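Read-outs throughout are calculated quantities, based only on the coordinates presented, and are distinct from any laboratory measurement. Note that the structure is a prediction, hence the values are computed from the model and not measured. Using ideal geometry, Cβ is built from the backbone for each residue, glycine included, and neighbour counts are taken over all protein chains shown.
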Amino acid sequence: MTAVIVRWARRLLSVAFAVLAIAVLGVGVGARLAPAAGYELFSIRSGSMEPAVPVGSLAIVARDASALKEGEAVAFRLRSEVVVTHRIVEVIETDAGTFLRTQGDANEDPDPSLVPATAVVGPVQVSLPLIGFLLAMLAMPIGLVAILSVAATLITAIWLLEELERLEADDDEPHPVALPPLAGGNQ
């Protein structure tokens, strides 16, 4: 019974390690290749767009602000270079240019100031729940250390469980028994 539990625990940890490795590689490579394909990746860090785009989502944004329309979720840069993802509730044409009235889905009121169309990165093409947490962690040294620590812990646990399986298998094998020498006979 114990051998079965150990085997399943090792397999589960191996799958967890594989999923972690694939996710880290996928997000890391995606973050590097996205700009070359005309996209930017953003980690959603507030709940203003919930439930459509929950906290921790990875927002994939097309760098194309040419056809902005009401109802579309867009990412835009504030003067502080912070990127915000909100929905366009109104497109306003003025002599000074095109401006957008935006609002988070979870917010009761529109944003207090208009967004110049020139500040728009582009529309949100898709959002992937929870993957934005991984992107945010990969962008910070402490996050990278945390991911490496989790990977090292998984590898160590897998190795220990493999050793335990090997020891249990050795205990199950018959061992030769040394017979005592015959009494009064040749040795």
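Among the residues making up segment 29-44, a single one is in contact with a helix residue (DSSP H, G or I) (Cβ under 6 Å, 6 or more places away or on another chain) and not hydrophobic (A, V, I, L, M, F, W, C): SER43.
Scanning segment 12-55 for residues that are of a type outside the set (Gly, Ala, Ser), under 19 Å from THR85 (Cβ atoms) and assigned to a helix (DSSP H, G or I) turns up VAL27, PRO35.
Count of segment 49-82 residues, restricted to those that are hydroxyl-bearing (Ser, Thr, Tyr) and more than 20 Å from the chain's Cα centre (by Cα), is 2. The set of residues in segment 5-36 that are of a type outside the set (A, V, I, L, M) and under 19 Å from LEU138 (Cα atoms) comprises PHE17, GLY26, GLY28, GLY30, ARG32, PRO35.
Pairs meeting the criteria (first residue in segment 28-54 and more than 16 Å from VAL121 (Cβ to Cβ), second residue of a type outside the set (Asp, Glu) and in a helix (DSSP H, G or I), beta carbons under 7 Å, at least 6 apart or on different chains) are GLY28/LEU138.
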